[in-house]
Amino acid sequence: MAEKKLILLVDDDPDFVEAVRVIVESGGYDVEVAYDGQEGLEAVAKQKPDLIVLDVMMPVMNGHEACAKLKESSETKEIPIILLTAVADRVTTSTYTHRDMLESEAEDYMPKPVEPNELLERIKSWLN
Amino acid sequence: MDEVQVLIIDDEKVIRDGVERSLAGKNFRIAKAGNGEEGIAMIEANNFDIILLDLMMPGIDGFGVLEWIKEHKPHIEVIVITGFATVSKAVTAMKEGAFDFVGKPFTPDYIRIVVDRAVEKIKLEREARRLREERTLTLEAIQNEQSLLKTVFGCMVEAVLITDPQSVVVHHNPAAIKILDIQTDPVVGKPIAVSIRDGSVVQMVQEAIGDRHVVTREFAPGTVSRRYLRAHCAPVISSGNDGQKILGSVITFEDVSTHKEIDKMKSDFVAMVAHELKSPLASIEQMIYALQVNCQYEAASNCSKLHGRMTVRTRDLLRLIENLLNLSKLESGTVVFNLERTSGHEIITDILEVARPQAEAKDIAIDFQPCADDWWFNVDYDHMRTAIMNIVSNAIKYTPEGGSVFISTSVSGGFANLVFQDSGIGIAKEDLPHIFDRFYRVKGKATRHITGSGLGLSLVKEVVEAHQGYIDVRSDPSHGTTFMLSFPVAEVVETLH
């Protein structure tokens, strides 16, 4: 049996992280968690994940910065990143805008909260 | 004038009767006295207007009586009768206050002429007195009015300036100097532009005078003064016999800084509360999703149905908060629009892609017919997307299953027109004027199961207007609703036909 893929979840809200963890684990993945951008980078350094689900709005180091750092390093730039934005349904806008998303180097972005099947589908497609 | 009271004082009965006959048949009441003493006694007891007085009498003579009259009853007109017809006596009498004289012998006509003249004089004097009194009263009233207005004017908290038709200040109150930070001294007599440097104030005055209507404008701090001001400028129009005439203008400035401050506090508070509500709700929604993951084996159970509703309601709440947040930001003017050149057809296509599943679930056909020419407009992508998305999702929400939504565009006169037409339940006439009001929701049987915050369309309107656009709505409860949006276009690329 093939080893389970490892997904790293980074978000500053523990409840949110737990909820996403349940969804991701239901898809048959191992899950590692971190609670801000800095912790996320440390977790990557400790054990390289197969994919990162990264929240944009976080203290210490936000998602964009963490994403940029990961894409700078040749070690980690291949890891697919799905950015999560609090902009509900991309219908309304708060701090981060469409433009930020377009300029970001992340592979994908999804609005928060994420619909379980859609998240699992995106993870699956980026892992293949 | 009522009956004229005439007294004839003469020692000769012939003369007395002769004068009486001359005046008979006219509007006179005539009394007679045979000597000076009797005459004076009668004058004291009655109100006479005119006295015909013989100068030469035994006892107190005419001069004595005249002196007495002028001292005690100066308003009585005295006509002297002199037997000598000597001018010198008559002149002396007139110097002492007699009105005229009649020389003996006299003709009845002559007496009548002289007496009539005296009557005329009395009438004129009375009229003059009446006018004098009236004038005094009017002046007093005007003065009272003036001091009242002056006090009101002086006490007013609002700044008031009055100009003539050429925009020269003719009057102002103390508050004007204070509120408008005016440095000019004096302000009166100079064009308003000298005291208020802001060009739009001058323009406002000219507009009010030129177009003859009230102009209202707001001035942010730093334009006219350090305060936030709301100004009203009204033309002063006199409607005389020769048509309407512009006399000038009255400009009032109200200091609304405090209102604005409170308004901002309100917006900030709403923004803060909304922001704080948002993140826990987002987590709750995510946890509901997670619960559903573990519940999928019970797909047909109540549990699953309730989970579904929980998700919907939480999402509505979240959207309400987002809308509230955005509205308060738009209102407080803190939103910075990142304008980018955006393809009109592309943004609609993007939105329809997201909206389609929602429509398909209700078996609603979405038909998008873009015009032949491609066009671009300068908009903040996210805000514009939100606005149009709200319109589209309303169209789907308020259209029953099996209905249709028709979207088309056209370009004319530098504007792009977007039409969103649904076959939905429509909006009743009485609701139509309110649909852009905040928290206004059409209540009724047809809308009972449709959730929403009542903020969507107010947000749409704010966004559309922030982009110099227009929004209009037409609705017919039996045919559906049509929203029309217009925006200035940045560029049109005509496709070759």
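Residues whose amide H lies under 5 Å from that of B:Asp374, counting only those 5 or more places away or on a different chain, are B:Val493, B:Thr495; hydrogens are built 1.01 Å from N in the peptide plane. For a label point 7 angstrom out from the Cα of B:His171 toward its Cβ, which stretches of the range B:185-218 have the backbone nitrogen within less than 14 Å? Within reach of a label on B:His171: B:188-189.
Our summary gives chain B a relative contact order of 8 percent, counting only alpha carbon pairs under 8 angstrom and 6 or more residues apart. Remark: chain B carries a charge dipole of roughly 840 debye about the Cα centre, counting +1 on each Lys and Arg Cβ and -1 on each Asp and Glu Cβ. Our coupling estimate for the range A:72-84, obtained by passing each phi through the Karplus curve with A = 6.51, B = -1.76, C = 1.60 and θ = phi - 60°, is 6, 7, 5, 4, 10, 5, 7, 5, x, 10, 10, 7, 9 Hz, Gly and Pro reported as x.
A simple spin-label model places the labels of B:His72 and B:Arg448 10.3 nm from each other, with each point 7 Å out along Cα-to-Cβ. In chain B, helices alone account for a calculated mean residue ellipticity at 222 nm of -15500 deg cm²/dmol, with every DSSP H run of four or more residues adding -39,500 (n - 2.57). In chain B, a dipole from Cβ-located charges (positive for Lys and Arg, negative for Asp and Glu) runs towards its positive end, and of B:Pro433, B:Pro280, B:Tyr470 it is B:Pro280 whose Cα lies farthest in that direction. With an a/c value of 1.5 or above and a/b not larger than b/c for the gyration tensor axes a ≥ b ≥ c computed over the alpha-carbon atoms, the range A:7-67 is described as oblate.
Loop-resident GluC sites (Glu not before Pro) (DSSP state other than H, G, I, E or B) in the range B:397-497 with no more than 13 further Cβ atoms inside 10 Å of their Cβ: B:Glu401, B:Glu430, B:Glu494. If you take every DSSP beta bridge whose two residues both sit in the protein assembly as shown, what share of them, in percent to the nearest 5, is antiparallel? Bridges in the protein assembly as shown that DSSP calls antiparallel: roughly 60 percent.
Grab every C-alpha pair in the protein assembly as shown, bin the distances at 20 angstrom width from 0 up to the longest one, and report whole percents. Spelled out per bin, shortest first, that is 14, 27, 20, 13, 9, 11, 6, 1, 0. Rounded to two decimals, the Cα-based Rg/Rh of the range B:165-212, with Kirkwood Rh, is 0.96. Tell me whether the range B:4-128 comes out rounded, prolate or oblate; compute the Cα gyration tensor, take square roots of the eigenvalues as a ≥ b ≥ c, and use a/c under 1.5 as the rounded threshold. Rounded, since a/c falls under 1.5.
Rounding to the nearest 10 and keeping the result within 0 to 90°, find how far the Cα-based axis of helix B:344-361 lies from the longest principal axis of chain B. Tilt of helix B:344-361: around 70 degrees. Of all lysines in the structure, those lying under 27 Å Cα to Cα from A:Lys69, and not within fewer than 8 positions of it along the same chain, are A:Lys4, A:Lys5, A:Lys46, A:Lys48, A:Lys77, A:Lys112, A:Lys124. The relative contact order of the range B:258-335, computed from alpha carbon pairs under 8 Å that lie at least 6 residues apart in sequence, is 50 percent.
Taking amide H positions as modeled 1.01 Å from N, with prolines and chain starts lacking one, the residues under 5 Å from A:Val33 and 5 or more places away or on another chain are A:Leu9. Amide H contacts of B:Val405 (H built 1.01 Å from N, in plane; Pro and chain starts excluded): B:Ala365, B:Ile366, B:Asp367 sit under 5 Å, all sequence-distant by 5 or more or on other chains. Antiparallel beta bridges, as assigned by DSSP with both residues in chain B, represent about 70 percent of the total such bridges. Ordering B:Phe99, A:Phe16 from the fewest to the most neighbouring beta carbons within 10 Å gives B:Phe99, A:Phe16. Angle of helix B:302-332 to the longest C-alpha principal axis of chain B, folded into 0 to 90 degrees and rounded to 10: 40°. Taking the C-alpha atoms only, the angle from helix B:36-45 to the longest principal axis of chain B is near 20 degrees.
Per-residue Cβ neighbour counts within 10 Å put A:Ile79, B:Ile427 in the sequence A:Ile79, B:Ile427, beginning with the fewest. Footprinting exposure proxy ranking of B:Ser478, B:Ser257, fewest other C-beta atoms within 10 angstrom first, gives B:Ser478, B:Ser257.
Checking every one of the trypsin sites (Lys or Arg not before Pro) in the range B:1-110 against DSSP loop status and a limit of 15 other Cβ atoms within 10 Å picks out B:Lys26. The aspartates and glutamates within cross-link reach of A:Lys71, meaning a Cα-to-Cα straight distance under 18 Å and a gap of 8 or more places when in the same chain, are A:Asp36, A:Glu39, A:Glu42, A:Asp50, A:Asp55, A:Asp100, A:Glu103, A:Glu105, A:Glu107, A:Asp108. Normalising by residue count, chain B has a Cα convex hull of 320 Å³ per residue. Computed from backbone phi, the HN-Hα couplings of the range B:10-25 come to 7, 7, 9, 4, 4, 5, 4, 5, x, 5, 4, 5, 4, 9, 5, x Hz, rounded to whole numbers (Karplus: 6.51 cos²θ - 1.76 cosθ + 1.60, θ = phi - 60°; Gly and Pro given as x). Note on the range B:75-95 and the range B:228-245: Cα centroid distance 62 Å, given to the nearest whole angstrom.
Taking the Kirkwood radius as Rh and the Cα radius of gyration as Rg, the range B:156-255 has a ratio of Rg/Rh equal to 0.97. Its Cα centre serving as origin, the protein assembly as shown has a Cβ charge dipole (Lys and Arg +1, Asp and Glu -1) of approximately 1760 debye. Toward the positive end of the charge dipole of the range B:258-335, with +1 on the Cβ of Lys and Arg and -1 on the Cβ of Asp and Glu, the farthest Cα among B:Leu327, B:His307, B:Ser267 is that of B:His307.
Laboratory data are not the source of any read-out in this text; all were calculated from the coordinates shown. Here the structure is a predicted model, which means the values were calculated and not measured. Neighbour counts run over all protein chains shown; Cβ positions are idealised from the backbone, glycine included.
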